[in-house]
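K.L.:
If you scroll down you'll find the structure; I have some questions about it.
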Amino acid sequence: MDIQSIVEADILRSIAELYPGTAGVVQLTPTKKEFEGQYTFVTFPYTKVLRQAPAQIGQVIGNWLLANSAVVSAFNVVQGFLNISIADAAWLNVLNDIAANPSFGTLPKKGQSVMVEFSSPNTNKPLHLGHLRNNFLGDSVSRILAASGYDVVKTCIVNDRGVHICKSMLAYRLFGNGETPDSAGMKGDHLIGKYYVLFDKAYKAQIEEMVSQGTAKEEAEKRAPLMLEVQQMLRLWEQGDPETVALWRKLNDWVYAGFDTTYKTIGVTFDKTYYESNTYLLGKEIVEEGIQKGVFYRKEDNSVWIDLTEEGLDQKLVLRSDGTSVYMTQDLGTTDLKFQDFRSDRQIWVVGNEQDYHFNVLFAILRRLGRPYASELYHLSYGMVDLPTGKMKSREGTVVDADDLIQETTDAASTAADEAAKGKLDEFDEAEKKALFQMLGLGALKYYLLKVDPQKRMQFNPAESVDLHGNTGPYIQYVYARIQSILRKARERNIVAQGTVLATQLDDVEQQLVFLLSQYPQRVSEAGTDFAPSYVAQYAYELAKTFNQFYDKLSILQETDAVKLHGRLILSKTVGETIRKAMGLLGIDVPERM
């Protein structure tokens with residue numbers, strides 16, 4: 001039962017009957033909390049055509065609704081705002097419909113497909129805090145789009161070649177002495193990250209020595225022996241030198257094993273992974289095509305460019321004078337390849353806002369080339385993440401390592417949970433405690449990074465994220481666990497929360513809970529349209545907070561009226577299920593006990 005659609009249709013009927021010949025669009029909004037009612041109709045747009053004051057229009061329509069609508073029980077008018085209250089019987093019908101529908105909140109299939117590309121790690125270092133925001137955004141947007149009715153493909157491109165990868169390779173060859181992840185007791189990605197840092201230290205030392213001997217710093221950076229060796233290693237790799245390629249494969253395999261462990265921990269998977277080593281040569285044929293079409297032009301030095309000044313951009317290089325690719329060349333080819341592989345109706349890239357210009361250029365070029373998919377490309381740009389201290393514990397002291405941050409947040413969550421439980425966790429064995437604390441830690445981390453508008457730069461505060469009393473993941477997880485505790489105690493008394501809620505009067509807070517439940521599909525749809533997990537996060541918090549108000553105000557298990565008891569249990573169960581679904585769209589699990 002869609003209350004909002006019914007009221008909107010009733011208002012349209014009232015306008016047609018009260019003001020014949022008047023056309024208009026009726027769109028309700030949730031009533032502001034300081035006013036009575038659940039839905040608000042704004043009458044200001046009708047004042048000119050009807051030649052009546054906004055409040056007068058609201059009064060006339062409100063009286064009509066009271067006399068003719070099957071769901072409206074009361075109204076009030078505040079200037080040009082008609083605030084509408086819904087009858088208890090209508091809310092009970094809504095609750096019964098939701099409770100009886102296991103797929104509530106999953107929207108009908110749209111017959112369209114969307115590809116979401118995210119993560120994009122480099123194989124010279126472990127995942128870091130920035131990667132976490134990227135992965136959580138990409139994974140959550142994928143879940144929300146799937147719930148919105150789209151067929152979703154999740155892809156990842158791994159930056160596994162280039163100068164930065166050769167830096168780790170060269171450092172390992174020079175300083176590794178056969179060290180392996182097993183012998184070092186380290187994850188493979190952390191081990192290779194260590195050698196990337198070792199290269200940087202040795203390289204800077206060479207630069208300092210050359211500068212002290214009179215070489216200009218810029219020249220020293222280019223001519224330092226380690227940099228020359230790295231460039232030679234890259235040439236050998238591109239030529240297919242067996243020894244170089246074997247080293248590259250071995251180190252990358254260690255890194256992939258480390259990535260897989262982190263991805264498994266954070267619950268992220270991909271349908272297909274692309275590798276730069278397989279795609280970096282793609283795009284050259286597209287450049288040639290663009291030259292033939294007059295989209296690109298060649299300069300005297302044989303380099304190829306495009307002039308995008310008409311789009312407010314500038315001239316962009318797409319092929320070097322020696323015929324080698326640039327990142328733009330590769331991205332043109334990879335985008336074509338992804339479309340050929342999946343024929344997705346839309347492609348989305350989850351990439352930080354430092355790449356805004358790159359994607360503006362990429363999309364503009366593809367439009368110029370006349371690609372059929374070019375109008376359905378979207379860069380989900382997000383802001384950087386800072387910490388109160390600027391950095392947290394990390395092996396290198398320069399980046400915020402993802403695994404360290406997950407462990408740090410898990411430890412903070414375990415401390416917070418222990419303090420709040422006041423001995424209740426004594427019922428858990430060590431394995432159960434470990435699983436709970438990891439669930440809370442990941443929930444804290446994911447929720448904190450997802451509750452903020454993606455485009456905003458944000459600060460992550462580990463201690464604040466695990467607060468059990470604020471707008472946090474653990475707070476919502478605690479409310480879900482509280483609901484499950486209520487339902488378990490009811491079952492112990494042979495009271496089962498199932499079946500139809502019979503006619504009864506509802507308290508204001510019960511009405512508000514059912515209203516919020518009814519809003520869930522709309523919130524999912526809006527989050528999918530705007531690629532905004534923050535909408536779902538805010539909804540989950542509103543629902544959890546309102547349930548706590550309900551729990552504090554009204555008795556549930558102590559209620560003596562059997563009809564009210566049954567209704568409150570059904571309402572509690574339905575709220576719990578909806579919290580679980582909403583948190584699931586954020587990639588967050590919820591505990592049965594806490």
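The values are calculated or read from the model by the stated rules, or taken from the named source; none is laboratory data. These numbers come from a predicted model, not from an experiment. Methodologically, a virtual Cβ is constructed for each residue, glycine included, from the backbone with ideal geometry; neighbour enumeration extends over all protein chains shown.
K.L.:
Given (1) farther than 25 Å from Cys156 by Cα; (2) in contact (Cβ under 8 Å) with a residue 12 or more places away in the chain; (3) assigned to a loop (DSSP other than H, G, I, E, B), identify the lone condition not met by Leu281.
P.N.:
Leu281 satisfies all of (1) farther than 25 Å from Cys156 by Cα; (2) in contact (Cβ under 8 Å) with a residue 12 or more places away in the chain; (3) assigned to a loop (DSSP other than H, G, I, E, B) except (1).
K.L.:
Enumerate the pairs (first residue in the stretch 34-55 and closer than 12 Å to Asn76 by Cβ; second residue anywhere and loosely packed, with under 13 Cβ neighbours inside 10 Å) with beta-carbon separation below 7 Å, excluding pairs fewer than 6 apart on the same chain, so at least 6 apart or on different chains.
P.N.:
Here the result reads Thr40/Thr29; Ala55/Gln79, each pair linking the stretch 34-55 to a residue that is loosely packed, with under 13 Cβ neighbours inside 10 Å.
For (1) under 25 Å from the mean Cα position of the chain (by Cα); (2) of a type in the set (Phe, Trp, Tyr), each residue gets a yes or a no:
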residue: Met328; (1), (2): no, no
residue: Thr335; (1), (2): yes, no
residue: Ile365; (1), (2): no, no
residue: Tyr373; (1), (2): yes, yes
residue: Val400; (1), (2): yes, no
residue: Asp411; (1), (2): yes, no
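K.L.:
Can Leu66 be described as outside the structural domain of Asp508 (by TED's automatic domain parsing), more than 30 Å from Ala99 (Cβ to Cβ) and hydrophobic (A, V, I, L, M, F, W, C)? Spell out the reasoning first.
P.N.:
Numbers: outside the structural domain of Asp508 (by TED's automatic domain parsing): yes; more than 30 Å from Ala99 (Cβ to Cβ): no; hydrophobic (A, V, I, L, M, F, W, C): yes.
Against the criterion (outside the structural domain of Asp508 (by TED's automatic domain parsing), more than 30 Å from Ala99 (Cβ to Cβ) and hydrophobic (A, V, I, L, M, F, W, C)), Leu66 does not qualify.
K.L.:
Taking the condition more than 24 Å from Phe118 (Cβ to Cβ) and buried (at least 16 other Cβ atoms within 10 Å of the Cβ), does Lys316 pass?
P.N.:
yes
K.L.:
Which number in (1) in contact with a His (Cβ under 9 Å, 6 or more places away or on another chain); (2) closer than 27 Å to Leu137 by Cα marks the one condition that Arg523 misses?
P.N.:
Arg523 satisfies every listed condition except (1).
K.L.:
What number of residues within the stretch 207-234 satisfy the criterion of being of a type outside the set (Val, Ile, Thr) and under 24 Å from Gly178 (Cα atoms)?
P.N.:
9
K.L.:
Please indicate, with yes or no, whether at least one residue in the stretch 341-362 is among the charged types (D, E, K, R) and more than 25 Å from the chain's Cα centre (by Cα).
P.N.:
Checked the stretch 341-362: no residue is among the charged types (D, E, K, R) and more than 25 Å from the chain's Cα centre (by Cα).
K.L.:
Further, regarding this structure: Just give me the residues in the stretch 1-59 being of a type outside the set (A, V, I, L, M), more than 30 Å from Phe104 (Cα to Cα) and not in a helix (DSSP H, G or I), in sequence order.
P.N.:
Scanning the stretch 1-59 gives Tyr19, Pro20, Gly21, Thr22, Gly24, Thr43, Arg51, Gln52.
K.L.:
If you check Val295 against the conditions, is it within 30 Å of the chain's Cα centre (by Cα), surrounded by 15 or more Cβ atoms within 10 Å (Cβ to Cβ) and in contact (Cβ under 8 Å) with a residue 60 or more places away in the chain? Steps first, please.
P.N.:
Working: within 30 Å of the chain's Cα centre (by Cα): no; surrounded by 15 or more Cβ atoms within 10 Å (Cβ to Cβ): yes; in contact (Cβ under 8 Å) with a residue 60 or more places away in the chain: yes.
When the stated conditions are applied, Val295 does not pass them.
K.L.:
Answer yes or no: is there a residue in the stretch 307-315 that is among the aliphatic types (A, V, I, L, M), under 33 Å from the mean Cα position of the chain (by Cα), outside any strand (DSSP E or B) and not assigned by TED's automatic domain parsing to the domain that holds Ser120.
P.N.:
Yes, the stretch 307-315 contains at least one residue that is among the aliphatic types (A, V, I, L, M), under 33 Å from the mean Cα position of the chain (by Cα), outside any strand (DSSP E or B) and not assigned by TED's automatic domain parsing to the domain that holds Ser120.
K.L.:
Which of the following residues is more than 30 Å from Ser142 (Cα to Cα) and either touching a strand residue (DSSP E or B) at 6+ places or on another chain (Cβ under 6 Å) or of a type in the set (A, V, I, L, M, F, W, C) (or both): Ala540, Ala562, Ala544?
P.N.:
Step by step, each of Ala540, Ala562, Ala544 is checked, and only Ala562 is more than 30 Å from Ser142 (Cα to Cα) and either touching a strand residue (DSSP E or B) at 6+ places or on another chain (Cβ under 6 Å) or of a type in the set (A, V, I, L, M, F, W, C) (or both).
K.L.:
So is Val152 over 18 Å from the mean Cα position of the chain (by Cα), β-branched (Val, Ile, Thr) and modelled with pLDDT of 95 or more or not?
P.N.:
no
K.L.:
To continue, here is another question. Condition first: assigned to a strand (DSSP E or B) and among the β-branched types (Val, Ile, Thr). Can you find one or more residues in the stretch 62-74 that meet it? It would help to see each step written out before you state the result.
P.N.:
Let us first name the residues in the stretch 62-74 that are assigned to a strand (DSSP E or B), namely 72-74.
From the residues that got through so far, the ones that are among the β-branched types (Val, Ile, Thr) too are 72.
Within the stretch 62-74, one or more residues are assigned to a strand (DSSP E or B) and among the β-branched types (Val, Ile, Thr).
K.L.:
Name the residue, out of Lys446, Lys433, that is surrounded by fewer than 22 Cβ atoms within 10 Å (Cβ to Cβ), of a type in the set (Lys, Arg) and part of a helix (DSSP H, G or I). So that I can check it myself, show each step before the final result.
P.N.:
Values: Lys446 fails: surrounded by fewer than 22 Cβ atoms within 10 Å (Cβ to Cβ).
Residue meeting the stated conditions: Lys433.
K.L.:
Considering (1) part of a loop (DSSP other than H, G, I, E, B); (2) without any contact (Cβ under 8 Å) to a residue 12 or more places away in the chain, say which one Ile495 fails and leave the rest.
P.N.:
For Ile495, the exception is condition (2).
K.L.:
A further question on this structure: For the stretch 159-251, please list each of the helices (runs of 4 or more DSSP H) lying entirely inside it that holds at least 1 residues being in contact with a helix residue (DSSP H, G or I) (Cβ under 8 Å, 6 or more places away or on another chain), of a type in the set (Val, Ile, Thr) and within 28 Å of Ser119 (Cβ to Cβ).
P.N.:
163-175, 188-212, 225-238
K.L.:
Ok, one more. For the stretch 100-131, which residues satisfy the criterion of being under 30 Å from His190 (Cα atoms) and basic (Lys, Arg)?
P.N.:
Matches in the stretch 100-131: Lys125 only.
Per-residue answers, yes or no, for (1) surrounded by 14 or more Cβ atoms within 10 Å (Cβ to Cβ); (2) touching a residue at least 24 places away in the same chain (Cβ under 8 Å); (3) out of contact with any Cys (no Cβ under 9 Å at 6 or more places or on another chain):
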residue: Ser183; (1), (2), (3): no, no, yes
residue: Ile192; (1), (2), (3): yes, yes, yes
residue: Ala205; (1), (2), (3): no, no, yes
residue: Glu221; (1), (2), (3): yes, no, yes
residue: Pro225; (1), (2), (3): no, no, yes
residue: Glu229; (1), (2), (3): yes, yes, no
residue: Gln239; (1), (2), (3): no, no, yes
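K.L.:
Taking the condition free of Cβ contacts under 8 Å to residues at least 12 places away in the same chain and not basic (Lys, Arg), does Ala146 pass?
P.N.:
Spelling it out, Ala146 is indeed free of Cβ contacts under 8 Å to residues at least 12 places away in the same chain and not basic (Lys, Arg).
K.L.:
Just the residues that are among the aromatic types (Phe, Trp, Tyr) and in contact (Cβ under 8 Å) with a residue 24 or more places away in the chain, please, taken from the stretch 504-563.
P.N.:
Of all residues in the stretch 504-563, those among the aromatic types (Phe, Trp, Tyr) come to 515, 520, 531, 535, 539, 541, 547, 550-551.
Across the stretch 504-563, the qualifying residues are Phe515, Tyr520, Phe531, Tyr539, Tyr541, Phe547, Phe550, Tyr551.
K.L.:
Could you tell me whether any residue of the stretch 507-523 is surrounded by 15 or more Cβ atoms within 10 Å (Cβ to Cβ), among the basic types (Lys, Arg) and not in a loop (DSSP other than H, G, I, E, B)?
P.N.:
yes
K.L.:
Look at Ser381 and say whether it is closer than 28 Å to Tyr256 by Cα, surrounded by 14 or more Cβ atoms within 10 Å (Cβ to Cβ) and among the small types (Gly, Ala, Ser).
P.N.:
yes
K.L.:
Of the conditions (1) within 24 Å of Val351 (Cα to Cα); (2) of a type outside the set (Asp, Glu); (3) assigned to a helix (DSSP H, G or I), Met115 clears all except one; give me its number.
P.N.:
Checking Met115 against (1) within 24 Å of Val351 (Cα to Cα); (2) of a type outside the set (Asp, Glu); (3) assigned to a helix (DSSP H, G or I), the one that fails is (3).
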